[in-house]
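Colleague: Before I ask anything, here is the structure I am working with.
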Amino acid sequence: MSAARPTPPPDTIVAIATPPGRGGIGIVRVSGNAASVASIARGVAGIALTPREAAFVTFRGERGEPIDQGLALAFAAPASYTGEAVVEFHGHGSPAALRLVVARCLALGARIAEPGEFTKRAFLNGKLDLAQAEAVADLIDAASATAARAAARSLAGAFSREVQGIVDAVIELRTVTEASLDFPDEDLEFVRASDAAHKLARVRSDAARLLARAATGARLATGLVVVLVGQPNVGKSSLMNRLARDDVAIVTDVPGTTRDLVERAVEIGGIPLTAIDTAGLRDSDDTVERIGIERAWAAVERADLALVLVDARESGDGVTGADRAILARLPAALPRIVVHNKTDLAGRAGGTELRGGVAHVWLSALDGRGVGALEREVLAIAGVESAGEDAFVARERHLAALRAAGAHLAAAAAHLAAPSPPLELYAEELREAQNALASITGAFGADDLLGVIFSRFCIGK
Ligand SMILES: Nc1nc2c(ncn2[C@@H]2O[C@H](COP(=O)(O)OP(=O)(O)O)[C@@H](O)[C@H]2O)c(=O)[nH]1
Ligand SMILES: [Mg+2]
């Protein structure tokens, strides 16, 4: 492990590990230095515990009075979640009894753990890297089965391994460069002979691909915001209710029924989305409706995807001048799907068509036909239709680091392609790229790099 990681504080922490409230089982977890954890274990459970062997015991208070009974389970350092000595008390899920167990641990020398402190210690002790530690939180917070599976893959190290693969390739490029900087007569030939340009191009494309996958992963974690817009009465609220599989928005045949935003978390194909139903977009003299329309445009600004509803009964290409005006006012970069609703009235079957790069979907929000095709289209645009087997969760922090690494690699490539490459600047960009990547897993590069240089090159040559 790198020397940059400080040694964890040796004090002993305790917390209730199960969610607040009553339940079948409640767990109190203790982690810290071996002697103090052992004395807490003996004080609460009344016996000396054998690591990894569950003992059924009575938990006791200061005067030996019973608090609860359950399992006591000890782990010896470093073979535990935190890498420290750990003991867990699995009692009944009674908040009052659990608090008594915690109070007893405090009296025996522990202190209350800070939020995330067990996982922080796991990181500091090298049990998890930073991306994995973040995946623990993402797994706990996962809003869908797909997001949970993706977090589990990140926790197992899938994302970290991809990042490390790119870091290794950057280190290899740096190794050649930094060594040649030490031997100025040979420098440029040396770097050229190592096929650096070609290798750098491959590193850049790997990093770009990882960024794309990470962006999908980030959407998995946070969910995509989908806004429903269109003229009054085209069926936005009806479609909202279909997507939510619930009556969340009022549907009437009165144009201008929806005035405020109706926002709802929905799940499509295992992907969490936030759907926003909006007021129909038209010129209105009604003050409340006008505010609603302003809010609709504000919702468009924070959306990742717009569903623009139109009436399937319109002849021609089915998009009226008013619809076109709405489409034109959407931010140019905002992905959109044109939804031709009320196919039941239009006597038209469902279907999907690509027109000028924009997907058009025909459906009936009333009878539900064609809604499945729309959902597939939404997932495709979200880039998560294949977020099955190889997705991992990622965070904005990871995306920013990957973007920064990509920019430094691009700058490195530009230096290398110059008529007389400034090798020092090239090396510096590679170093920055590596640092950006290393920040994802929390490993810092300098020591690792020196190790590689010394092990691969005979400096005394
Ligand atoms: N026949 C038919 N009627 C629909 C369909 N979708 C919505 N409607 C009706 O159109 C009217 C307006 O629907 P609503 O969802 O409130 O539209 P909004 O103003 O865009 O939110 C209501 O009377 C709905 O029952 C559809 O697919 N087929
Ligand atoms: Mg409505």
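The values are calculated or read from the model by the stated rules, or taken from the named source; none is laboratory data. Only a predicted model underlies this, so the values are computations on that prediction, with no experimental measurement involved. In this analysis, Cβ positions are derived from the backbone assuming ideal geometry, glycine residues included, and neighbour counts consider all displayed protein chains.
Colleague: Yes or no: region 270-285 includes at least one residue that is surrounded by 19 or more Cβ atoms within 10 Å (Cβ to Cβ), among the hydrophobic types (A, V, I, L, M, F, W, C) and more than 16 Å from ligand 2 (Cβ to nearest atom).
Modeller: Yes - at least one qualifying residue is present in region 270-285.
Colleague: So, one more: Output the residues belonging to region 315-356 that are surrounded by 15 or more Cβ atoms within 10 Å (Cβ to Cβ), of a type in the set (Asp, Glu) and free of Cβ contacts under 8 Å to residues at least 40 places away in the same chain.
Modeller: 344
Colleague: If you don't mind, another one. Going by what's in this entry, would residue 210 be described as under 20 Å from residue 440 (Cα atoms), away from ligand 2 (no atom under 16 Å from the Cβ) and not aromatic (Phe, Trp, Tyr)?
Modeller: Yes, satisfied.
Colleague: Would you confirm whether any residue within region 119-129 is modelled with pLDDT under 95 and surrounded by fewer than 18 Cβ atoms within 10 Å (Cβ to Cβ)?
Modeller: yes
Colleague: Next question, about the same structure. Is it fair to say residue 204 is buried (at least 18 other Cβ atoms within 10 Å of the Cβ) and out of contact with any Ser or Thr (no Cβ under 7 Å at 6 or more places or on another chain)?
Modeller: Taking the combined requirement at face value, the residue satisfies it.
Colleague: Okay, moving on. For the list (1) away from ligand 2 (no atom under 16 Å from the Cβ); (2) touching a helix residue (DSSP H, G or I) at 6+ places or on another chain (Cβ under 8 Å); (3) at pLDDT below 90, I need the number of the one condition that residue 203 fails.
Modeller: Among (1) away from ligand 2 (no atom under 16 Å from the Cβ); (2) touching a helix residue (DSSP H, G or I) at 6+ places or on another chain (Cβ under 8 Å); (3) at pLDDT below 90, residue 203 violates only (3).
Colleague: Another one. So if I check each of 400, 359, which one is without any contact (Cβ under 8 Å) to a residue 24 or more places away in the chain and under 21 Å from the mean Cα position of the chain (by Cα)?
Modeller: 400
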